[in-house]
2 protein chains.
Amino acid sequence: MTALYNRVALIGLGLIASSMAHAMKAEGLADEIVGFAKSAESRAAALELGFVDRVTETAAEAVHGADLVMLAVPVGAMEAIAAEIGPHLAPGCTVSDVGSVKQAVIAAVQPHMPEGVWFIPGHPIAGTEHSGPRSGFASLFRGRWWLLTPIAGTDPEATHRLRRRCEAMGAKVAEMVAGPPDLVLAVTSHTPHLIAYTMVGVADDLRRVTDSEVIQYSAAGFRDFTRIAASDPTMWRDVFLTNREATLDILGRFTEELFALQRAIRLGDGAHLHAYFTRTRAIRRGIIEAGQDTSAPDFGRGQTKDEVQET
Amino acid sequence: MTALYNRVALIGLGLIASSMAHAMKAEGLADEIVGFAKSAESRAAALELGFVDRVTETAAEAVHGADLVMLAVPVGAMEAIAAEIGPHLAPGCTVSDVGSVKQAVIAAVQPHMPEGVWFIPGHPIAGTEHSGPRSGFASLFRGRWWLLTPIAGTDPEATHRLRRRCEAMGAKVAEMVAGPPDLVLAVTSHTPHLIAYTMVGVADDLRRVTDSEVIQYSAAGFRDFTRIAASDPTMWRDVFLTNREATLDILGRFTEELFALQRAIRLGDGAHLHAYFTRTRAIRRGIIEAGQDTSAPDFGRGQTKDEVQET
């Protein structure tokens with residue numbers, strides 16, 4: 001399709017930025033993609049893989065003349081970046097981000113945006129447990145939601161163009177004008193990650209007792225947890241620090257419910273356990289119906305002859 | 001290969017039993033497979049799918065003349081089944097099970113085994129979130145561990161034959177003569193399942209507040225939890241009731257660690273969070289190296305064009 005932007009600046013060159021670059025190149029959405037990352041190694045990898053046309057040594061240089069700037073750095077790094085690039089943004093430029101937390105990002109970025117620049121916060125609900133410029137792939141966003149939370153007064157044309165870009169990369173776009181979805185993300189993403197990290201930590205402690213058995217006989221449930229718990233530590237530290245209130249709220253509900261189940265186990269209350277486990281089955285069906293996952297069995301992954309030989 | 005058993009009786013016709021039957025048929029490991037399940041619907045499905053040669057109306061009839069009896073029922077049903085079949089077992093017959101808990105199963109089954117019958121407890125570390133006779137497939141056990149925990153005094157030839165059967169279905173067999181692996185399974189499988197059930201329950205409560213957003217924007221971490229939490233309620237109820245002590249031990253460690261992370265979030269202690277998240281990355285690498293999972297990104301599943309169209 002015709003390019004939607006003349007020059008896109010990617011600030012950060014990790015999984016999300018590199019996937020956006022691959023997708024934008026594949027669909028011809030930008031005439032030029034300029035990249036910046038703090039790490040020289042990441043910049044070199046981006047050039048080598050060819051998903052950016054050039055890299056710059058500073059974020060300020062990268063945004064020069066760009067009509068779209070995508071902030072794809074950990075949430076904790078957003079404020080310093082916004083302060084650095086603010087004075088260098090071209091009039092009419094759109095700035096967006098991909099942070100997993102929205103209220104904190106808006107508070108960090110918006111004050112640094114000059115008049116006539118449109119900051120449109122966003123969050124693609126997509127990712128893998130891998131990180132860095134070599135982990136990106138063009139199809140990451142296909143069929144996934146991309147939330148946009150435009151701020152009152154934003155030029156509708158700027159929002160519309162950004163939306164078209166997300167859709168051209170295969171994403172389904174939801175505009176949430178009512179407010180940032182931090183509580184929803186706390187329950188669907190942030191708290192599950194914290195719990196997975198914790199469970200893997202417990203197993204790691206125990207491993208010193210039972211040697212390698214925990215890894216050796218790693219079963220379905222735990223395998224999935226370790227996958228989640230292999231995600232980028234810096235990104236997740238910043239998520240929890242900046243979405244503190246919603247995460248603590250959900251964690252409080254979680255421990256209440258867990259204690260109720262723990263008590264049922266201690267008291268041998270099988271009816272309570274069975275009723276609870278039956279109820280949770282239904283929500284899985286809802287997710288499959290909403291198209292966010294397939295019903296294909298997943299614990300059996302790596303089970304075909306060829307795949308087993310690969311592992 | 002030459003059949004290892006003349007007649008195999010499957011008691012229970014769910015995911016594990018039907019997968020065993022498909023695999024034994026594919027590899028020619030049994031001359032005849034007889035099936036029993038409490039539910040007439042399951043028996044009819046087994047016949048219709050053809051993974052058993054015939055079904056019986058009682059477990060006692062099913063084991064008649066069998067040289068291998070596989071108990072594949074929820075752990076809580078083991079004792080009644082063992083009591084029923086005990087008097088009908090042929091001399092020299094091997095009885096094994098696939099229960100996720102071993103101490104409780106040994107206590108339930110062993111007292112009912114007559115002289116000259118070998119009870120060899122076992123546990124395949126394999127499964128999916130689906131259940132029932134229609135969910136089985138022949139490759140479920142390929143590349144997965146099958147734990148055998150033979151009791152002192154068991155005929156080594158009987159253990160050897162059972163081992164060969166598991167290996168012929170593609171499993172890697174580990175004999176754990178030292179004792180049942182209930183603590184290891186509590187950390188790698190049982191507690192992760194309980195936690196996933198809990199998190200999905202919390203989300204379900206919240207859904208009443210935020211309508212369908214939790215499902216609609218279901219992100220990576222939570223999607224994996226719902227998959228785990230869709231597992232068979234009866235099986236899991238019995239696991240927690242019968243592996244109570246190990247589960248409560250691991251749950252205690254888990255909540256301790258979770259509270260430490262929760263405190264770090266509350267106090268804004270980013271260094272603690274980052275160090276913890278970095279440590280858990282390493283155990284994931286260990287699992288990939290142990291061949292229990294692949295390093296292919298999983299959160300991106302269902303991302304290819306064709307797959308998205310299917311969902």
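For chain B, what does the helix formula give at 222 nm: sum of -39500 (n - 2.57) over DSSP H segments with n ≥ 4, over the residue count, nearest 500 deg cm²/dmol?
Value at 222 nm, helices only, nearest 500: -14500 deg cm²/dmol.
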note = Once amide hydrogens are built 1.01 Å from N within the peptide plane, the residues lying 5 or more places from B:Ala171 or on another chain with amide H under 5 Å from its amide H are B:Gly143
query = With charges set only on the Cβ (+1 for Lys and Arg, -1 for Asp and Glu), what does the dipole of the range B:182-289 come to about its Cα centre, in debye to the nearest 20?
reply = 320
remark   = In debye to the nearest 20, the charge dipole size for the protein assembly as shown, taken about the Cα centre with +1 at each Lys and Arg Cβ and -1 at each Asp and Glu Cβ, equals 0
request  = Using a 10 Å cut-off on Cβ to Cβ distances, tally the other chain neighbours for every residue of B:266-274 and report the average as a whole number.
outcome  = 4
remark   = Result: in chain A the number of Lys pairs with C-alpha under 24 Å apart, spaced 8 or more or on different chains, is 4
query = What nm value, rounded to one decimal, do you get for the distance between B:Glu32 and A:Thr154 when each label is placed 7 Å out toward the C-beta?
reply = 7.1
message = Can you tally the net charge around B:Val105? Count Lys and Arg as +1, Asp and Glu as -1, for every other residue whose Cβ sits under 11 Å from the Cβ of B:Val105.
response = -3
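Taking 0.36 nm per intervening residue step and subtracting the Cα-Cα distance, what contour gain separates B:Lys172 from B:Asn6 on full extension?
Roughly 57.4 nm would be gained on extension.
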ask   = Listed highest first by mean packing, meaning other Cβ atoms within 10 Å per residue, what order do B:140-147, A:136-143 come in?
value = B:140-147, A:136-143
task = Take every DSSP beta bridge whose two residues both sit in chain B, then give the antiparallel share in percent to the nearest 5.
result = 10
ask   = Averaged over peptide A:231-243, how many Cβ atoms belonging to another chain are found within 10 Å of each residue's Cβ?
value = 5
request  = Give me the distance in nm between label points sitting 7 Å out from Cα along the Cα-to-Cβ direction at A:Ala90 and B:Glu48, one decimal.
outcome  = 6.4
inquiry  = Of B:Val98, B:Pro87, B:Pro111, which is farthest towards the positive pole of the range B:5-175's charge dipole, taken about the Cα centre with +1 and -1 on the beta-carbons of Lys, Arg and Asp, Glu respectively?
reply    = B:Val98
ask   = If you add up the charges near A:Ala77, with Lys and Arg at +1 and Asp and Glu at -1, over every other residue whose beta carbon is less than 14 angstrom from its beta carbon, what do you get?
value = -3
inquiry  = Could you derive backbone 3J(HN,Hα) for the range B:3-9 from the dihedral phi with the Karplus parameters 6.51, -1.76 and 1.60 (θ = phi - 60°), listing whole Hz in sequence and x where the residue is Gly or Pro?
reply    = 4, 7, 9, 6, 9, 9, 9
ask   = Can you list, bin by bin at 10 Å, the percent of alpha carbon pairs in the range B:74-198, starting at 0?
value = 12, 40, 39, 9, 1
remark   = With Cα coordinates, the longest principal axis of chain B makes an angle with the long axis of helix B:244-267, in degrees rounded to 10, of 10
note = Given unit charges at Cβ for Lys, Arg (+) and Asp, Glu (-), the dipole magnitude of chain B about its Cα centre in debye, nearest 20, is 760
query = If R0 is 25 Å, what FRET efficiency do you get for B:Arg134 and A:Arg285 from their C-beta distance, rounded to 0.05?
reply = 0.95
inquiry  = Using a Gaussian network model on chain A with a 10 Å cutoff between Cα atoms, which of A:Thr149, A:Thr280, A:Thr94 fluctuates the most?
reply    = A:Thr280
query = Sorted from fewest to most neighbouring beta carbons within 10 Å, what does the list B:Thr247, A:Thr58 look like?
reply = A:Thr58, B:Thr247
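Just so you know, all these numbers are worked out from the coordinates, no wet-lab data involved. Owing to the predicted nature of the structure, the values given are computational and were not obtained by experimental measurement. We place every Cβ from the backbone using ideal geometry, glycine too, and count neighbours over all the protein chains shown.
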